[in-house]
Amino acid sequence: MNESELYKELGVLTKDKDKWEESIPYVSSLLGHESVKIKAKALWLIGEMGLVYPLLVQDAVPEIASFCDSSDSLLRERAVNALGRIGRGNYQVIEAYWTGLFRFASDEEPKVRLSFIWASENIATNTPDIYENYMTMFETLLHDADDKVRMEAPEIFRVLGKRRPEFVRPYVEQLQRISETDENRVVRIHCLGAIKATTSK
């Protein structure tokens, strides 16, 4: 099967959730494929599978985490995403790699910084307490130079504001200021959403 056929097959499998459980070993094996495109697709899919079947993907987690050190930003991005999805399903499965994710808050590639926020939101959905002492990392991302990163950054405050409002209250004034001054409309809306989630508790 050539690259495009294999990529297409993975696309079909992504939609066919009834086959996920039995396909985890196969998709895991594709993490060793020579093609970056296939590895990236496999990382994405194994993350989605891991949200549903976290214990069944745990043997692949060390290999997934190894892509966090890749010089290819797409593979870093997808590895961080996958760890976030699996960690949402079961934090213990990715716990050994969790603190290592915070270096991606300052990755040179905006899409990787965005993935770090997204992964953190996923993990914080079911395991919020672990973020108590890391809020300043997310505060920095509220002022990121990249629009898409700034659009996503308030969302981790919203997720945590719903679950642990005390973590977010120290940042409400700052979120309010950004909601009034940021040039990006989505950033302003997301900041207001984070404030609402926090103050309605």
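With +1 assigned to the C-beta of every Lys and Arg and -1 to the C-beta of every Asp and Glu, and no other charges, what is the dipole magnitude of the range 72-162 about the Cα centre in debye, to the nearest 20? Let's see the in-between values first.
Details: 11 positive and 15 negative charges, 56 e Å.
The calculated dipole for the range 72-162 is roughly 260 debye.
Dipole magnitude for the chain: computed about the Cα centre from +1 point charges on Lys and Arg Cβ and -1 point charges on Asp and Glu Cβ, it is near 680 debye. Across the range 50-95, the mean sequence separation of Cα contacts (distance under 8 Å, 6 or more residues apart), normalised by length, yields a relative contact order of 49 percent.
Label zone of residue 66 (point 7 Å out along Cα→Cβ, amide N under 18 Å): in the range 12-35 this covers 25-35. Under a straight-distance cross-link criterion of Cα-Cα below 14 Å, which aspartates and glutamates are reachable from residue 196, leaving out those fewer than 8 residues away in the same chain? Residue 196 reaches 155, 166, 173. With all protein chains kept in place, the per residue accessible area of the chain amounts to 49 square angstrom at a probe of 1.4 angstrom.
Helix by helix, which DSSP H runs in the chain go 18 Å or more along their axis at the Cα atoms and have an average Kyte-Doolittle hydropathy of 1.0 or more?
Details: long enough: 3-15 (19 Å, -0.45); 36-52 (25 Å, 1.02); 73-89 (24 Å, -0.19); 110-126 (26 Å, -0.02); 147-163 (26 Å, -0.62); 185-199 (21 Å, 0.63).
Once both thresholds are applied, what remains is 36-52.
For the range 29-82, the fraction of 1.4 Å probe accessible surface lying on carbon and sulfur atoms is 49 percent. Between residue 55 and residue 166, the contour length at 0.36 nm per residue exceeds the alpha carbon distance by 36.8 nm.
With a 1.4 Å probe rolled over the protein heavy atoms of all chains, the accessible area of 14, 99 falls in the order 99, 14, largest first.
Ranking 82, 131, 104 by Cα position along the charge dipole of the range 70-160, where only Lys, Arg, Asp and Glu carry charges on their C-beta atoms, puts 82 farthest toward the positive end. With contacts taken as Cα pairs under 8 Å and at least 6 residues apart, the range 67-122 reaches a relative contact order of 41 percent.
Could you work out how much longer the chain between residue 133 and residue 147 gets when fully extended? Use 0.36 nm per residue separation minus the Cα distance between them, nm to one decimal. Walk me through the intermediate numbers first.
Details: separation 14, 0.36 × 14 = 5.04 nm, distance 2.56 nm.
In short, 2.5 nm is gained.
Rounded if a/c is under 1.5, else prolate if a/b is larger than b/c, else oblate: which is the range 69-201, with a ≥ b ≥ c the root eigenvalues of its Cα gyration tensor? Oblate. Spin-label model, residue 108/residue 140: points 7 Å from Cα along the beta carbon direction are separated by 1.7 nm.
Determine the alpha carbon to alpha carbon distance for each of 15/162; 15/148; 17/41 and list only those over 23 Å. Don't jump to the answer; show the numbers that get you there.
Values: 15/162 31 Å; 15/148 27 Å; 17/41 16 Å.
Correct reply: 15/162; 15/148.
Between the DSSP loop rule and a limit of at most 13 other Cβ atoms within 10 Å, which GluC sites (Glu not before Pro) in the range 133-165 are left? Before the final figure, lay out the partial values.
Details: sites: 139, 152, 155; in loops: none.
Those that pass, being in a loop and sparsely packed, number zero.
GNM remark for the chain: springs join alpha carbons under 10 Å apart, and the peak mean-square fluctuation among 162, 111, 15 falls on 15. Inter-part distance, the range 1-60 to the range 92-121, computed on C-alpha centroids, equals 21 Å. The portion of the accessible surface of the range 103-152 made up by carbon and sulfur, rounded to a whole percent, is 46 (1.4 Å probe; DNA, RNA and ligands excluded). Under the simplified labelling scheme, the residue 5-residue 96 pair shows an inter-label distance of 3.7 nm, with each label point 7 Å from Cα along Cα→Cβ. Taking each DSSP H run with n ≥ 4 as -39500 (n - 2.57) and averaging over every residue of the chain yields -21500 deg cm²/dmol at 222 nm. Its relative contact order, with pairs defined as Cα atoms under 8 Å and 6+ residues apart, puts the range 113-171 at 41 percent.
Relative to the present Cα-Cα distance, how much length would full extension add between residue 196 and residue 174 at 0.36 nm per residue of separation?
On the way: separation 22, 0.36 × 22 = 7.92 nm, distance 1.36 nm.
Here the segment from residue 196 to residue 174 would lengthen by 6.6 nm.
The values are calculated or read from the model by the stated rules, or taken from the named source; none is laboratory data. Bear in mind that the values here come from a model prediction, so they are computed numbers and not experimental data. Reconstructed Cβ throughout: ideal geometry from the backbone, glycine too, with neighbour counts over all protein chains shown. With ligands, DNA and RNA removed, areas are computed over all heavy atoms of the protein, side chains included. Shrake-Rupley method; radii C 1.70, N 1.55, O 1.52, S 1.80 Å.
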